[in-house]
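Have a look at the structure below before the remarks.
The values are calculated or read from the model by the stated rules, or taken from the named source; none is laboratory data. As the structure is a computational prediction, the values presented were derived from the model and not from experiment. Note that we place each Cβ from the backbone using ideal geometry, even for glycine, and neighbour counts take in every protein chain shown.
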Amino acid sequence: MSLLITCEVGGDAIPHWLAPHLHQLAIKSSSSARKRGRAKSRTPITAHRKSSRSGTSKLKSRPIIASVHDAWIEYKDLADDSPENSALSKMMRGLRVDRHGIEIATKLATTLKAERHFHRYPIELVDVTKDRKQRRLFSGPFQYVDRTIQHRLLKEIHEAYLDDLSRCIERQLKKDGFVVHFSIRTFPLKKQGNIRRTDVGLLYDPSSQDEVDLCMDLVDDMWYRAPMLKVRRNYPRRGVEVGVTRRLRRRFSGSDYVGIELWLNRAWCGRAVSLRDEALEAMTQSMASVTGISESPLDEMTSLYDAA
């Protein structure tokens, strides 16, 4: 049996051939934002009061460029803060990059000596966790790119990522016969004002007995090793919803592939405190114990912030 650690939340890379289109794309997204702002300002006050009383204000519009708390990255190689590049700089700063998810996935793969495979690009560029026929494959500013560019992104990034990941799993299957795949990502404490009350979420397919057994064992083992963490199954969303593991289950038999999404709450995994490292070490030991790779002592984990 072998382990595979992935992170699909997106890295900080931009395809070199897309760079010439970024200025035009920034202008489009900025113009659309201004139009929405003017439309909002023209909405009658009575409509605002009526929607406020109903509890669902129709004036609220989703920002063109989504932002995630404590998960931004500045693309200083592509945009600066000069006036002529202000729209581009704003767009690039607003792209979502789950810094904590990438760091934790890297640490887990290193400590567990597992295969790793990370998505290099921002998730707004193209969402590799979704099927090609699903909506909102392109989000944020990239929903305004030309169709020809979208088709190229689908071919060179969306399809290529899953094909590369599938080839990696096939190599592991030929070598070890069984693959346990953990897809790592983090999530904010609040969503639409509601607090999500869990520290670790294990997302799996309830119809797969192997995945059920693995997650039940993880819950029990983490309760013993990491009592400071609240672990829930199929939360903050269900494991059969959109995700790379669901796409891979269609390609591989349930008898030789197990795919689990491991969601971590940024309320604790994004804090540079010693308790965080203790919790991550205990969680890693549980993963090693449950998957059966803890025959030899694990390397001592060091803080992700030691180098900071």
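Residue-by-condition table, conditions (1) more than 25 Å from Leu189 (Cα to Cα); (2) outside the structural domain of Glu103 (by TED's automatic domain parsing); (3) surrounded by 21 or more Cβ atoms within 10 Å (Cβ to Cβ):
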position	(1), (2), (3)
Ser253	yes, no, no
Asp256	yes, no, no
Gly259	no, no, yes
Trp263	no, no, yes
Asp277	no, no, no
Leu280	no, no, yes
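Filter region 226-239 down to residues that are of a type in the set (Lys, Arg) and either at pLDDT 90 or above or at positive phi (or both) and give me whichever is surrounded by the most Cβ atoms within 10 Å (Cβ to Cβ). So, considering only residues that are of a type in the set (Lys, Arg) and either at pLDDT 90 or above or at positive phi (or both), the one surrounded by the most Cβ atoms within 10 Å (Cβ to Cβ) is Arg233. The single condition among (1) outside the structural domain of Tyr257 (by TED's automatic domain parsing); (2) modelled with pLDDT of 85 or more that Glu74 does not meet is (2). Kindly establish whether Val145 is among the aliphatic types (A, V, I, L, M), outside the structural domain of Leu22 (by TED's automatic domain parsing) and within 18 Å of Gly243 (Cβ to Cβ). So Val145 fails the test. The residues of region 1-31 that are at pLDDT 80 or above and either among the acidic types (Asp, Glu) or within 21 Å of Tyr257 (Cβ to Cβ) (or both), listed by number, are Met1, Ser2, Leu3, Leu4, Ile5, Thr6, Cys7, Glu8. For region 126-143, a tally of residues being out of contact with any Lys or Arg (no Cβ under 8 Å at 6 or more places or on another chain) and surrounded by 21 or more Cβ atoms within 10 Å (Cβ to Cβ) returns 3.
Let me confirm something: among Leu137, Leu202, which residue is in a loop (DSSP other than H, G, I, E, B) and not basic (Lys, Arg)? Even if it seems obvious, please write down each step before you answer.
Details: Leu202 fails: in a loop (DSSP other than H, G, I, E, B).
Step by step, each of Leu137, Leu202 is checked, and only Leu137 is in a loop (DSSP other than H, G, I, E, B) and not basic (Lys, Arg).
Within region 253-275, the set of residues being of a type outside the set (Phe, Trp, Tyr) and over 26 Å from Arg171 (Cα atoms) comprises Leu264, Asn265, Arg266, Ala267, Cys269, Gly270, Arg271, Ala272, Val273, Ser274, Leu275. Whenever a residue of region 269-293 is under 15 Å from Gly201 (Cα atoms), its partners that are among the β-branched types (Val, Ile, Thr) and surrounded by 14 or more Cβ atoms within 10 Å (Cβ to Cβ), lying with C-beta atoms within less than 8 angstrom and at least six residues away or across chains, give the pairs Cys269/Ile104; Cys269/Thr186; Leu280/Ile104; Met283/Val200; Thr284/Thr111.
Conditions (1) assigned to a loop (DSSP other than H, G, I, E, B); (2) buried (at least 21 other Cβ atoms within 10 Å of the Cβ); (3) touching a Pro at 6+ places or on another chain (Cβ under 7 Å), marked per residue:
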position	(1), (2), (3)
Val180	no, yes, no
Ser183	no, yes, no
Thr186	no, yes, no
Ser207	yes, no, no
Asp221	no, no, no
Glu241	yes, no, no
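Selection of region 266-275 for residues being of a type outside the set (Lys, Arg) and either part of a helix (DSSP H, G or I) or not assigned by TED's automatic domain parsing to the domain that holds Phe187 (or both) yields Ala267, Trp268, Cys269, Ser274, Leu275.
Assess whether Val179 counts as being within 25 Å of Gln285 (Cα to Cα), in contact (Cβ under 8 Å) with a residue 40 or more places away in the chain, in the same structural domain as Ser255 (by TED's automatic domain parsing) and in contact with a helix residue (DSSP H, G or I) (Cβ under 6 Å, 6 or more places away or on another chain). Show your work before the answer.
Working: within 25 Å of Gln285 (Cα to Cα): yes; in contact (Cβ under 8 Å) with a residue 40 or more places away in the chain: yes; in the same structural domain as Ser255 (by TED's automatic domain parsing): yes; in contact with a helix residue (DSSP H, G or I) (Cβ under 6 Å, 6 or more places away or on another chain): yes.
It is true that Val179 is within 25 Å of Gln285 (Cα to Cα), in contact (Cβ under 8 Å) with a residue 40 or more places away in the chain, in the same structural domain as Ser255 (by TED's automatic domain parsing) and in contact with a helix residue (DSSP H, G or I) (Cβ under 6 Å, 6 or more places away or on another chain).
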